Amino acid sequence: MNWPFYKFVTVRNPSSAAFFPKKSLGQNFLVNPHFQQKIIEACELRPEDVVLEIGPGKGVLTRPLADSVKKVLAIEKDNFLAPQLEEEFAGTNVTIEHADVLKYPFEPLPGPMKVVGNLPYNIATPIIEKVLAFRHKFPVFYMTVQLEYGDRIVAKPGSKKYGSLSCFVQYYADVQKLFNIPPSAFSPAPKVDSCFLSLHMRPKPVHPAHDEEFLFMLIRACFSQRRKTIRNSLAAVYGKEDTGKLLEKLKIDPRMRAEDLSLEDYVRLANQNASKLPF
Ligand code: SAM
């Protein structure tokens, strides 16, 4: 038996053979080592860091994270991948939590932790909302999201992409798009481009609102009618007459549209809550 017959024998890993990526869990795995490395470098990790990883998947980021920091807590919902990760990382500085990140209790987590995740795109917004709600524990959040969605997060006034999502995230965090990632870097390849963002939490908002709930309600109301002038959109909140007086007082041009107002403008408007108007 000199003939190397073994060359023709395919050794199949039974676990990988049984696995099919689930669309419902937003499973597009990052397979390009160049982007894996670029992400890890962009996270500016230090040996004393503790990292919360959202959706470790097959562990391509978890491994280099574990090599770079003190501890990693990784939350994975997939019933197939989570036990494999648990087995691989048993007895290391990585703790795998087989759980849904949206239900996982953040209250008991010790801070500060850096948050890192190639997010499942279908639940990116509730994940961001949850991390922002616990921003006192998480000084920075590094994430991969769809390019179009990431562009909306970092958009500035005057841009078509600027909207209530931009205002909401930028109120709490200093946001930056670090680089784009092509579909070919993932398997299966998504239909759209992606990008990598950093959200550095602000110790306090640059322009604090007296009532944040009212601020975001006001912003949503204005952007829900993007084509209307700000005078017409605000009339629904403050009444026609008070709106005119308010805009004049704050020196905001009533002919502007929602996308022309800065976050500071919205805060100034919200802080003049109708019930407290001096006229
Ligand atoms: N980090 C891996 C990578 O870069 O290849 C996987 C990224 S994949 C885009 C998203 C991951 O989040 C998948 O592993 C998926 O199973 C996981 N996931 C989806 N929904 C989740 C949830 N609600 N809680 C925790 N993990 C979730």
Hits in the range 74-116 (condition: of a type in the set (S, T, Y) and near the ligand (Cβ under 9 Å from one of its atoms)): Y104
For the range 53-74, check the following and say yes or no: at least one residue is at pLDDT 95 or above, β-branched (V, I, T), part of a loop (DSSP other than H, G, I, E, B) and touching a Leu at 6+ places or on another chain (Cβ under 8 Å). yes
Of the residues in the range 129-145, those that are outside any helix (DSSP H, G or I) and more than 10 Å from the chain's Cα centre (by Cα) come to F134, R135, H136, K137, F138, P139, V140
Among the listed residues S233, S194, which satisfies the condition of being under 25 Å from the mean Cα position of the chain (by Cα) and either over 26 Å from L119 (Cα atoms) or among the polar types (S, T, N, Q) (or both)? S194
For the range 30-45, state whether one or more residues are within 13 Å of the ligand (Cβ to nearest atom), of a type in the set (D, E, K, R) and either at pLDDT below 95 or within 23 Å of I128 (Cα to Cα) (or both). yes
Quick one: G244 ticks every box in (1) at pLDDT below 95; (2) touching a strand residue (DSSP E or B) at 6+ places or on another chain (Cβ under 8 Å) except a single one, so which number is it? (2)
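The values are calculated or read from the model by the stated rules, or taken from the named source; none is laboratory data. Keep in mind the model is a prediction, meaning the values are calculated, not measured. Using ideal geometry, Cβ is built from the backbone for each residue, glycine included, and neighbour counts are taken over all protein chains shown.
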